[in-house]
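This report refers to the structure that appears directly beneath it.
Each reported figure results from applying straightforward, stated rules to the coordinates on display, with no laboratory input. All figures in this text were calculated on a predicted structure; none of them were measured in a lab. Cβ placement follows ideal geometry from the backbone for every residue including glycine, while neighbour counts extend to all protein chains displayed.
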Amino acid sequence: MSPHRKLLPKLLPVPLLLLGLFPLAAQADDLDTLQFRLGQSVTHDSNVFRLSDSANAQAVIGTSDRDDTVAVTTAGFKINKPYGLQRFEFDANVEDHRYSRFSYLDFTAMNYAAAWRWSFTPALHGNLTSDRREYVDTYADVQGTGQINRRTNRSTIFDAEYELDGAWRLVGGLFERTSSNSQPNTFEADSKVHGGEAGVRYVYPSGTSMAYRFREGKGEYPGRFLSPVFAGNFTDREHEFRFDWAPSAKTTLRAKVAHFDRDHDGLPARDFSGVTGQLDAAWAITPKTSLAGGLVRELASYQTTTASYYEGYRVFVAPTWKPTEKTAVRLRYDHGARDFKGPLPGFAASNRRDTTNLLSLAVEWQAMRALKLTASVQSDRRKSNEPGFDYKSNSFGVAADASF
């Protein structure tokens, strides 16, 4: 058994122990460390199931109407409290989703993020975090089932950094990540990975930093067993380079590039490897206008008989305009493409290629210090060279968020 596999079970109860400390933080004399939040949104979606234009909606969902109105009620709280060299954070919320027409889609999600920002000495510090997020995965290929897919991601991560001489740092950590789906017919299967990482980081006096990490994880697809079609276990290996730079007070750049490799035990036909990466940039043009943008290179598992993985890219541009101190107008455009590769022996490659376009516009108004109102519209499009995987969806909604 690998060392990180032995240590992870010992780390998992630690976030639960941290929860016992948060009430103490709430009782501290600094009441700003505790914040409650309430929210209500109502959104009308023209194509809730992301059905293809060619799909027979009557046969799939029992009605020709594809639209629905979704109301989401949110309640939560947040704690952020320092104790000497330590800092404890906890953010939790409950999201209740209610559909007007397709009420069988109703669900309640409980999400949280807990963190201990630890420091034994000023030179030795790190993080112990645990989080859970459940959300509607509109990109899951379950259009023909008359259902939507909810994806739940969980992670527990312990990382540490030791400053050797102020510029060079040693970094390392342990992690466990799981991803599960509410629908059984998803091609991006449930997965569980645990492993460790190690590397070095160099920090310039200006704050610019460069880092290299090697990461290895042992994984499985829960509920799946080795067969001529599906793999049961796998090993991930990744070499990652990261660069963070702020060329001016108004501009920041963050970049990472990595080589990722996944080997499947007993079924090498499912193996895949390649380059992944991400570039994010932000520019504060004026006190009232800013521009953010980015580029992502993707590589992920997607198992059918005609494909084992997909690779692709996404690019986004997101300008923001704040005409007054209390109002903001946010525009975002995302464009992406995915190519599906790696057919099993004896099956022809599908050569499937999808392109996506997502355009959204939101207007925010800080009505008072504790209340923000938002109105938004969105256009979501996917085109595919394979029948049944294209869709069009338009939505508009309003939301109110209160914090106190």
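Among K326, K256, which comes first, second and so on when ranked by fewest other beta-carbon atoms within 10 Å?
Sorted ascending by nearby Cβ count, the order is K326, K256.
Check cross-link reach from K341 to the lysines: straight Cα distance under 21 Å, and skip same-chain residues fewer than eight apart.
Output for K341: K383.
Once you keep just the Cα pairs under 8 angstrom separated by 6 or more residues, what percentage relative contact order results for segment 224-351?
It comes to 18 percent, rounded to a whole number.
Can you give me the relative contact order of the chain as a percent, contacts being Cα pairs under 8 Å and 6 or more apart?
12
Work out, step by step, the length gained on full extension between R254 and S360: first 0.36 nm times the residue separation, then minus their alpha carbon distance; give nm to one decimal. Spell out each step's value before the answer.
Numbers: separation 106, 0.36 × 106 = 38.16 nm, distance 2.38 nm.
This chain segment gains 35.8 nm when fully extended.
Gap in Å between the Cα centre of segment 71-120 and the Cα centre of segment 186-263?
Segment 186-263 and segment 71-120 have Cα centres separated by 25 Å.
Starting from the Cα of L164, step 7 Å along the direction of its Cβ; do the same at L279; then give the gap between the two resulting points in nm.
Computed distance between label sites L164 and L279 equals 3.0 nm.
For A300 and N385, FRET efficiency with R0 = 22 Å and r from the beta-carbon atoms, rounded to 0.05?
0.70
Expressed as a rounded percentage, what relative contact order does segment 210-286 have, with Cα pairs under 8 Å and six or more residues apart?
The normalised contact order for segment 210-286 reaches 27 percent.
Pick from S155, S100, S130: which is most flexible by mean-square fluctuation in a GNM of the chain where alpha carbon atoms under 10 Å apart are linked?
Maximum among the listed residues: S100.
Quote the convex hull volume per residue of segment 224-351, based on C-alpha atoms, as a whole number of Å³.
126
Compare the Cα positions of L331, F347, Q278 along the charge dipole of segment 224-351 (+1 at Cβ of Lys, Arg; -1 at Cβ of Asp, Glu; about the Cα centre) and return the one farthest towards the positive end.
Working it through, the farthest residue towards the positive pole turns out to be L331.
So what is the 222 nm mean residue ellipticity for the chain from helices alone, if each DSSP H run of at least 4 adds -39500 (n - 2.57) and you divide by all residues, rounding to the nearest 500 deg cm²/dmol? Provide the component values of the computation, followed by the final result.
Details: 4 runs with 25 residues, N = 404.
Computed mean residue ellipticity for the chain: -1500 deg cm²/dmol.
About the Cα centre of the chain, what is the dipole size in debye to 20, counting +1 per Lys and Arg Cβ and -1 per Asp and Glu Cβ, all else neutral?
400
Taking the number of other C-beta atoms within 10 Å as the exposure measure, put I148, I285 in order starting with the fewest.
Going from least to most buried by this count: I285, I148.
Would you calculate the separation in nanometres between label points at E325 and F77, each defined as 7 Å from the Cα along the Cα-to-beta-carbon direction?
Once both label points are built, they end up 3.1 nm from each other.
Where does the chain land on Rg/Rh, using Cα atoms and the Kirkwood Rh?
0.96
Report the label-to-label distance for R101 and T121 in nanometres (one decimal), using points 7 Å from each Cα along the Cα→Cβ vector.
Output for this residue pair reads 6.5 nm.
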